[in-house]
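Below: the structure, in structure tokens.
The values are calculated or read from the model by the stated rules, or taken from the named source; none is laboratory data. Owing to the predicted nature of the structure, the values given are computational and were not obtained by experimental measurement. Glycine gets a Cβ as well: all are built from the backbone with ideal geometry, and neighbour counts include every protein chain shown.
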Amino acid sequence: MITSLHNMSQKGIHMYEVIFYKDGAGRQPVKEYLEALSKRTDKDGRINYGKINDYITLLKKYGLSLREPYIKHLDGDIWELRPLNNRVLFFGHNGKEFVLLHHFIKKTKKTPQAEIDRAKRNMRDFIERGGGK
């Protein structure tokens, strides 16, 4: 079962909490995608699941100091994790958390504006509903 990764200090390295965005209907798009990947038995499924989890762990450990090729700033507060052709859009919240908003498979050189707009809507929804509380 996938849960949030908690904020803690390990050997002087600040650890951030990673939260899965939950919409008003209770769906958690990134978490649900990871759970579906974890159930796949094919090689691509296992590789993608492992890479995404590795990148989430790096984000938890290093935050925005991670930089490319692991993360990239997109627009405003929106950033992307970049494991293989997977993209997980996220934003920083309260200086100690990252909220994973949305996932898609990148098929073009530039991140489609519709994907960024969806992440912005999810971010606004998260904040308006009390920041995940």
*Looking at the range 84-91, is at least one residue among the aliphatic types (A, V, I, L, M) and at positive phi?*
yes
*Among the numbered criteria (1) farther than 18 Å from GLU17 by Cβ; (2) in contact with a Lys or Arg (Cβ under 7 Å, 6 or more places away or on another chain), which single criterion is violated by ASP117?*
(2)
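Conditions (1) within 17 Å of ILE105 (Cβ to Cβ); (2) surrounded by 13 or more Cβ atoms within 10 Å (Cβ to Cβ); (3) touching a Cys at 6+ places or on another chain (Cβ under 9 Å), marked per residue:
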position: ASP44; (1), (2), (3): yes, no, no
position: ASN48; (1), (2), (3): yes, yes, no
position: LYS51; (1), (2), (3): yes, yes, no
position: TYR55; (1), (2), (3): yes, yes, no
position: GLY63; (1), (2), (3): no, yes, no
position: ARG67; (1), (2), (3): no, no, no
position: GLY76; (1), (2), (3): no, no, no
position: TRP79; (1), (2), (3): no, yes, no
position: LEU84; (1), (2), (3): yes, yes, no
*Select from the range 86-105 the residues that are at pLDDT 95 or above and farther than 23 Å from GLY24 by Cα and write down the one among them that is surrounded by the most Cβ atoms within 10 Å (Cβ to Cβ).*
ASN86
*Restricting the search to the range 37-77, which residues are touching a helix residue (DSSP H, G or I) at 6+ places or on another chain (Cβ under 6 Å), in a helix (DSSP H, G or I) and hydrophobic (A, V, I, L, M, F, W, C)?*
LEU37
